[in-house]
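Here the structure comes first, spelled out in structure tokens, and everything after it is commentary.
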Amino acid sequence: MKKTRLTAESLKGIWAGITLSWNEDYSLDEGAFRENLRRLCASRVHGIYTTGSTGEFYALDFAEFRSVVDITMDVVAPSGIPIQIGCCGDNTRIVQRQVEYAARAGADGVQIVIPYWMELTDPELSQYLKDVATVAPAMPLIHYNIPRTKRFLAGTDYRRALEAAPSLIGVKFTFAGSHFGELQQSLQLTPELSFFVGEDLLVSAMQLGARGSYSSMVCTNPSFMQELFTLADTRQWDQAIHKQSHLAKFFRELGHHMEELNLGGIDPVADKGLAVASGPFYGSPTHARPIRWLE
């Protein structure tokens, strides 16, 4: 099926952040991964997104990244559902290499992070964006805006980013609840970008102009998340806010429970555990690949 690459206008809705399935030796469980992709396609999510935090990008080498991309394209592309590949690394060369591969594979867009080990200055940030955009000029870029990179962008930062990388079409604006003022400023100063936020703030942010969510919760309850978006998209605000309040309560209580068990914050283990326990996903819910794997 012939597809058109993403634009800021078409980048909207509930995009599923696909989890990865591991065998007991921490090799990729390809069978489970394929089955979960098929199940997401059957649920008709608005898009499928790989190799972000939920997709454990930090624990993959390049050969494994290629495998994830190839399987995703093989399973999802025939459905016509748009595909976005997370291209995340701690230096420019890694990200460029991933972007090149995703472009050749036929992805509809790529999501990039700022190299996160050393904090980038403004000139370094502009150069990084130029270098990444130049690798595949026709490839739409989405910025994964997360405080872990030490540079959390907003407002005027995105005006400069668009000058450096005109192919930038969207932003995954994480932790919007604690950065709501920055989100509002960004929406006002860069209306040409499509902003996505976390599930528990989706409706509130859509009232300001946000356009969707990269969601792990859609892997747990596809119908709930799609209904939530539809209510907000059709401006049925009272019903949408009521539904959002239930989701926010669920995340609060889950977070408290994990803290009580000394399990830390919500992470890929929780994402895949919820998805398997509730029924939509198949495979082992018990572990993520250890970061120490890459030596």
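The values are calculated or read from the model by the stated rules, or taken from the named source; none is laboratory data. Because the structure is a prediction, the values reported are computed rather than measured. Cβ sites come from the backbone with ideal geometry, for glycine too, and all protein chains shown count toward neighbours. The protein model used for the area step is the full one, side chains on, heavy atoms only, and it has no ligands, DNA or RNA in it. Shrake-Rupley method; radii C 1.70, N 1.55, O 1.52, S 1.80 Å.
Result for the chain in a Gaussian network model with C-alpha springs under 10 Å: among GLU260, GLU64, GLU30, the largest mean-square fluctuation is at GLU260.
Summed over the residues of the chain and divided among them, the accessible surface reaches 45 Å² per residue at a probe radius of 1.4 Å. Using r as the Cβ-Cβ distance of ARG97 and GLU119, and R0 as 22 Å, what FRET efficiency do you calculate, to the nearest 0.05? Computed FRET efficiency for ARG97 and GLU119 comes out at 0.45. Would you kindly give the portion of the calculated P(r) for the range 74-170 that falls above 22 Å, as a percent of all Cα pairs? That fraction is 24 percent. Going by the alpha-carbon gyration tensor, a ≥ b ≥ c the square roots of its eigenvalues, is the range 1-123 rounded (a/c under 1.5) or, if a/c is not under 1.5, prolate (a/b greater than b/c) versus oblate? Here the range 1-123 falls in the oblate category. With all pairs of separate Cα atoms included, the range 115-211 yields a Kirkwood hydrodynamic radius of 13.6 Å. Segment ALA42..THR134, full-extension length gain: 29.6 nm, with 0.36 nm per residue of separation and the alpha-carbon distance subtracted. Its residues counted as N, the chain yields a C-alpha radius of gyration over 2.2 N^0.38 Å of 0.94.
The rule of thumb for compact globular proteins, 2.2 N^0.38 Å, goes into the C-alpha radius of gyration of the range 186-244 1.08 times.
Length gained on full extension, GLN127 to GLU163, computed as 0.36 nm times the residue gap minus the Cα-Cα distance: 11.9 nm. Our analysis of the range 165-275 gives Rg over Rh at 0.99, with the two radii drawn from alpha carbon positions and Rh computed by the Kirkwood formula. Subtracting the Cα-Cα distance of ASP90 and GLU30 from their residue separation scaled by 0.36 nm leaves 19.0 nm. A crude spin-label estimate for the pair PHE152 and ASP238, with each label 7 Å from Cα along the Cβ direction, gives 3.5 nm. Rounded to whole numbers, the Karplus 3J(HN,Hα) couplings from phi for the range 92-97 are 4, 4, 4, 5, 4, 4 Hz, using 6.51 cos²θ - 1.76 cosθ + 1.60 with θ = phi - 60°, and x at Gly and Pro.
Amide H to amide H, with H built 1.01 Å from N, GLN111 comes under 5 Å of ILE85, GLY86, CYS87, ILE142, counting only residues 5 or more places away or on other chains. Across the accessible surface of the range 140-238, with the other protein chains kept in place and a 1.4 Å probe, carbon and sulfur atoms take up 49 percent.
In sequence order, the range 59-72 has phi-based couplings of 10, 10, 8, 5, 4, 6, 4, 4, 4, 4, 4, 4, 5, 4 Hz under the Karplus curve 6.51 cos²θ - 1.76 cosθ + 1.60, θ = phi - 60°, and Gly or Pro positions carry x.
Coupling constants for the range 34-51 follow from the phi torsions by the Karplus curve (6.51 cos²θ - 1.76 cosθ + 1.60, θ = phi - 60°), and in residue order they are 4, 4, 5, 5, 4, 5, 5, 4, 5, 7, 6, 4, 6, x, 10, 10, 10, 6 Hz; glycine and proline get x.
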